[in-house]
Amino acid sequence: MLRTNAAIAVAVSLFCSPQRDASADTIQVAQSVSPAPTQSSPATQRVTIAMQEVVRGLDEPVYLTTPVGDARLFVGEQPGRIVIIKDGRKLPRPFLDITRKVQSGGERGFLSVAFHPQYRTNGFLFVNYTDHNGDTNIERYTVSHDPDVADSGSARLILKIHQPYANHNGGMNLFGPDGMLYIGMGDGGSQLDPSGNGQSSNTLLAKLLRINVDRDAYTSPAANPYAKSGGRPEIWAIGLRNPWRFAFDAKDGNLYIADVGQDKYEEIDVVPSSRAGVNYGWSVMEGFSCLHGDSCNQTGLQRPAVVYSHSDGCSITGGFVYRGRKIPALDGHYFYADYCKTWLRSFKYVNGRVTEQTEWPVAKVSAIASFGLDAEGEIYAVSHLGVIYRMIAALPSGR
Ligand SMILES: [Ca+2]
């Protein structure tokens, strides 16, 4: 039990800034918050889902992914490891262990990994971790001759980004449908964006970045909004507070960003993935609201698709759009959770509108730090307490 309690204590501290204002619990729910999801909307009422345990006993897992077409699951552990789940069991030897390079704890640590779209031929993977100076490192590794082991000596630094505070490190590496590497960067931390990084195009903090990593030195695509002048060429979008998890849905052409809020609101943004230079509003706005006072200049700011208040959670965990084959009724649903709660929600985004907002009556899963996709498009939930769950169809109760 001691181990469990320690794990929970560590887990609760993750993503929740120590400065977080307790008054958040007492705020009034503004009219601008999205309507509460229903337990079953018409199109989804005939399907029930369950979270099936795949493996437990992992060490603070924070992400799950796999290379294209690969039957294995790769799980990132916050202290600095990637472990493989093969045929339902964790392999005893880590795929990669860089714990000596990683400063882990709170919002720091090994935060994600992305396999190159041509991993099968080039063997490249790109990790995102916090080093002993507290800075963000994007590093490339190459698989060894053993497909279950990466070459730990193959490290190549792609990008290092100074982090002024311990929190809001972002942490997601993900390849887009355009083959570029997208990197989610938080605003650098403390609270209320003290340096104004959100709206500055001269810093990589508080941004979504887009870079080409096909060669040893990265390049910034010419179509990036500040590639030619006026800001950092790596920037794809600005105005994000802490986009811990984001997702592309190649089928509907949209980018979903779950941006962790300050004291009041958590939000999900949905825009066409081809749209460059979107301004997501931080730190002018939090959710649909002005951050300071009743009014603010909202010209040019992207409004969220879905917002919920801190009466419903503390830190959004963005997931993925379901495009698997096993549960056709879920096709097109974007799933998400909250780190401090046990609910599982989804919605569909159709013709620019949020529909079918649903809260799923699944058994409670605590401390969901991330979701993940396997090569078949099936969705997994990653509990920071060490357990991986697979989302499966369940028979309706009473049958
Ligand atoms: Ca926003």
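Computed from the coordinates by the stated procedures, all read-outs in this text should not be read as laboratory data. For clarity, every value in this text was computed on a predicted model and none was experimentally measured. Don't worry about glycine lacking a Cβ; one is built from the backbone with ideal geometry, like all the others, and counts go over all protein chains shown.
In the stretch 288-296, the count of residues that are under 26 Å from Lys86 (Cβ atoms) and crowded, with 18+ Cβ neighbours inside 10 Å is zero. Number of residues in the stretch 140-168 that are of a type in the set (D, E, K, R) and either in contact (Cβ under 8 Å) with a residue 40 or more places away in the chain or in contact with a helix residue (DSSP H, G or I) (Cβ under 7 Å, 6 or more places away or on another chain) (or both): the value is 3.
For Asn351, the requirement of being away from the ligand (no atom under 16 Å from the Cβ), free of Cβ contacts under 8 Å to residues at least 60 places away in the same chain and out of contact with any His (no Cβ under 9 Å at 6 or more places or on another chain) is met.
For the stretch 265-295, filtering for residues that are away from the ligand (no atom under 12 Å from the Cβ) and assigned to a loop (DSSP other than H, G, I, E, B) leaves 9.
When Ala247 is evaluated against the numbered criteria (1) surrounded by 24 or more Cβ atoms within 10 Å (Cβ to Cβ); (2) among the aliphatic types (A, V, I, L, M); (3) not in a loop (DSSP other than H, G, I, E, B), which criterion, by number, is the only one it fails? Result: Ala247 passes all but (1).
Quick one: which of Gly198, Gly277 is touching an Asp or Glu at 6+ places or on another chain (Cβ under 9 Å) and more than 27 Å from Ala36 (Cα to Cα)?
Gly198
Across the stretch 224-248, the number of residues qualifying as in contact with a strand residue (DSSP E or B) (Cβ under 6 Å, 6 or more places away or on another chain), more than 11 Å from the ligand (Cβ to nearest atom) and of a type in the set (A, V, I, L, M) comes to 2. Picking from Arg210, Arg215, which residue would you name as being away from the ligand (no atom under 13 Å from the Cβ), part of a strand (DSSP E or B) and among the charged types (D, E, K, R)? Selected residue: Arg210, the only one of Arg210, Arg215 that is away from the ligand (no atom under 13 Å from the Cβ), part of a strand (DSSP E or B) and among the charged types (D, E, K, R).
Selection within the stretch 84-121: residues that are touching a strand residue (DSSP E or B) at 6+ places or on another chain (Cβ under 8 Å) and in a helix (DSSP H, G or I). The member of this set that is surrounded by the most Cβ atoms within 10 Å (Cβ to Cβ) is Tyr119.
Within the stretch 299-309, the set of residues being surrounded by 14 or more Cβ atoms within 10 Å (Cβ to Cβ) and more than 10 Å from the ligand (Cβ to nearest atom) comprises Ala305, Val306, Tyr308, Ser309. Kindly evaluate Lys251 against the criterion of being touching a His at 6+ places or on another chain (Cβ under 8 Å), more than 10 Å from the ligand (Cβ to nearest atom), in contact (Cβ under 8 Å) with a residue 12 or more places away in the chain and not hydrophobic (A, V, I, L, M, F, W, C). So Lys251 fails the test.
In the stretch 312-399, counting only strands (runs of 3 or more DSSP E) that sit wholly within it, the ones holding 3 or more residues that are closer than 27 Å to Gly109 by Cα span 316-321, 334-338, 368-373, 379-383, 387-394.
May I ask you to say which residue of Gly189, Gly134, Gly196 is over 21 Å from the mean Cα position of the chain (by Cα) and either under 25 Å from Arg241 (Cα atoms) or surrounded by fewer than 23 Cβ atoms within 10 Å (Cβ to Cβ) (or both)? Of Gly189, Gly134, Gly196, the one residue that is over 21 Å from the mean Cα position of the chain (by Cα) and either under 25 Å from Arg241 (Cα atoms) or surrounded by fewer than 23 Cβ atoms within 10 Å (Cβ to Cβ) (or both) is Gly196.
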